[in-house]
Structure formats: C-alpha cells, structure tokens
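The values are calculated or read from the model by the stated rules, or taken from the named source; none is laboratory data. All values derive from a computational prediction rather than experimental measurement. In this analysis, Cβ positions are derived from the backbone assuming ideal geometry, glycine residues included, and neighbour counts consider all displayed protein chains.
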Amino acid sequence: MGLKPSYTWHDGFAMPMGFPREAFGAALEYSAEPGDFFVATYPKCGTTWAQHIVYLIAHRGVPLPPTSPMGEAIPHLEEIGTRMVARKPAPRYLKTHLPFGMTPYHEQARYLYVARNPFDCAVSFYHHTRGFVKHYDFAEGRFEDYFECFLAGEVDFGDYFDNLLSWHEHAGDGNVLFLTYESMSADPRTAVTRIGQFMGADCISDESLLSAVLQHSSFESMSKDQQRWSSRRPDDMPAFIRKGIVGDWENYFLPSQAARLLEKLDRRCRGTGIEALWPDLIAEARRFARNTQ
Ligand code: PPS
C-alpha cells in the first residue's frame, strides 16, 4: 500500500488541510451577482496563468505589483468564503476549483474555464501535493503513489473527470468561455484575444494592450515574478510556476499507468467530444501505452 496524501473532508468533498471549513461551506452559499467573473479550473490546469491574463486585461495591461499577491486580487472562493468576498468591490473576480454544479451561479456572471489534459495535470498535481507539506503531509510520496489517488478521484477538489465533464457540458453557454491549457500554450495571442472579447475588452485593435498582456503573462515573466516573491513564501510552498509545458507526463508515467488513465478517459468521456480537445496528445498516449507494454 503506497503513501497517501492527507486531506480534510468538507461534506464529503476532499480539501487541502488548512482550508477553513467555514470558508468552504460559506463559499457554496455565496450568491453570485451580475458582473461577477469566475476563473474556474480543476487544480493545476492553468488557474494562475488565467488569473494573470484576466487581471492584466482588467487593468489595461498594468501588472500586479510584485508585493501584492494574486490571491488578494482574484481570491480563491473556497479558501476565503462569502464574507470576505462580499467585502470586495464589484466587479468581483474570483478563482474556484469547484465543479460547475457547486459553483455559485448567476446568468449574468461570467465563467472562464481552463481545461488541461489529465496526464500533465496529474504530474503537476503530484508536484504540488508533494511540495505543500502542511496541506498534504506527502513529502516522501512517489508519483506511483499519487497516480493511484488521482486515478481513483481521491484527491482534493474531487475527481478530475467529474470537474471537466461538469464544465464541458456548459462550454456552449453564452456566459462560459471554455479554453484548454494546450491551446493557450500553442497560441497565446488568440487565447488572450478571446479572453479579452469575453471580458468586453478590445485586444484586437488595441495592440499595445495585447502585447502588454502577452508579455506579463508569459511563462518567463511569471517565473521571474515568482522568484522575486519566493523569499516571502512559506518554506514548504512549492513553485506554482514550475515547467509550464505540454507533455511532461512522459517523464513520469509508466505505459501501464497511461493505459489505465486512457481507459478511464474513454469510459468517462466517450461521446462527449472531450477527446477532440487533445487529439494528438491522446494518440501519443495510446502509442506510449502500447509500445512498451
Ligand atoms: S493551482 O495550484 O491549481 O492554482 O495551479 P495552476 O495555476 O492551475 O497550475 C499550475 C500549472 O500551470 C503552469 N503555468 C503556466 N504554464 C504556461 N505559461 C504560464 N504563464 C504559466 N503559469 C503557470 C505551471 O507551471 C503549472 O504547470 P506545471 O506542469 O506543474 O509546470
């Protein structure tokens, strides 16, 4: 039996240890308002990147000062709860890792959802879980231990596929913009333009806004900022901006693990159109799983 990360349970939902129980309960009761803007993702799928893009667009390309944490500008709803959110002036920008059905909803609120392929998500989540010792007590955990929990959906914020499926069903809604991490990575200019349009900002004709957003939300720029504020981070806090690539999973997965995750992907997502989000990556995973089995 491998090592398992520790979690705290809030009404049957696994959460990182240390997330206040009251905040989680209150988050679910938050009544979304017209004008609220949610950055919604499953963990490790591009939340911080999307938060930076949204912040930059809302602030005409002027980056957040390195002394101000993004968690204050676009706070995590489940971590801070309703009372703190209510104190924020409108329009409110919020981050959430909740599935669609648990996310506070208003038809005049907007929801940017970023999906990432489950292979890279599992690897990124593994590093996060190992690094945040006080949240998970998993410093000695190996990828093979974490993989079993991820595959079983026994990780914080619930099962990857439950979250993805819940939001994908709403990908066509007028107040939801559904993007993938991989498309943002392949073509950040188009991604920023689409996010800008969704927020009502004209990044197409405003080239200086577009370039400022692209520059300050690039992996290089965000990594540098992270190094600047890393001296103030608690010792056990892992880098949120780690590698930032598509395909790192091949450095961690065994073929048998790839085959099992593909089987779950097929079983959970068949007929939904989700496989079309990552055709090349899934083909590569099938080759990887087959070749060396
Ligand atoms: S969290 O903890 O859920 O908020 O983490 P999240 O921000 O969703 O995901 C972290 C991963 O996103 C990568 N990242 C980026 N990739 C490309 N460009 C930019 N600008 C960027 N910013 C963050 C980050 O490196 C994590 O992925 P991995 O694979 O671990 O590197």
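So the values come out like this:
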read-out	value
Any hit, the range 103-110, residues being in contact (Cβ under 8 Å) with a residue 40 or more places away in the chain and under 25 Å from residue 271 (Cα atoms)	yes
Residue that is farthest from residue 110 (Cα to Cα) [pool: residues in the range 184-194 that are in a helix (DSSP H, G or I), within 13 Å of the ligand (Cβ to nearest atom) and not aliphatic (A, V, I, L, M)]	185
All positions within the range 46-86 that are buried (at least 19 other Cβ atoms within 10 Å of the Cβ) and among the hydrophobic types (A, V, I, L, M, F, W, C)	49, 50, 53, 54, 56, 57, 70, 74, 77, 80, 85
Of all residues in the range 31-79 being hydroxyl-bearing (Ser, Thr, Tyr) and modelled with pLDDT of 95 or more, the one that is farthest from the ligand (Cβ to nearest atom)	55
Residue match in the range 246-262 (condition: in a loop (DSSP other than H, G, I, E, B), of a type in the set (Val, Ile, Thr), out of contact with any strand residue (DSSP E or B) (no Cβ under 8 Å at 6 or more places or on another chain) and at pLDDT below 95)	no
Matching residues, the range 195-210, being more than 15 Å from the ligand (Cβ to nearest atom), in contact with a helix residue (DSSP H, G or I) (Cβ under 9 Å, 6 or more places away or on another chain) and part of a helix (DSSP H, G or I)	196, 199, 209, 210
Meets criteria (in a helix (DSSP H, G or I), exposed (fewer than 13 other Cβ atoms within 10 Å of the Cβ), at pLDDT below 95 and not aliphatic (A, V, I, L, M)) for residue 228	yes
Inter-residue pairs, beta-carbon under 6 Å, first among the hydroxyl-bearing types (Ser, Thr, Tyr) and in the range 8-24, second outside any loop (DSSP other than H, G, I, E, B) and modelled with pLDDT of 85 or more, 6+ apart	8/15
Subset tally (residues that are in contact (Cβ under 8 Å) with a residue 40 or more places away in the chain and either more than 19 Å from residue 277 (Cβ to Cβ) or not aliphatic (A, V, I, L, M) (or both)) for the range 193-209	7
Failed condition for residue 129, given (1) within 16 Å of the ligand (Cβ to nearest atom); (2) of a type outside the set (Gly, Ala, Ser); (3) outside any loop (DSSP other than H, G, I, E, B); (4) closer than 26 Å to residue 194 by Cβ	(4)
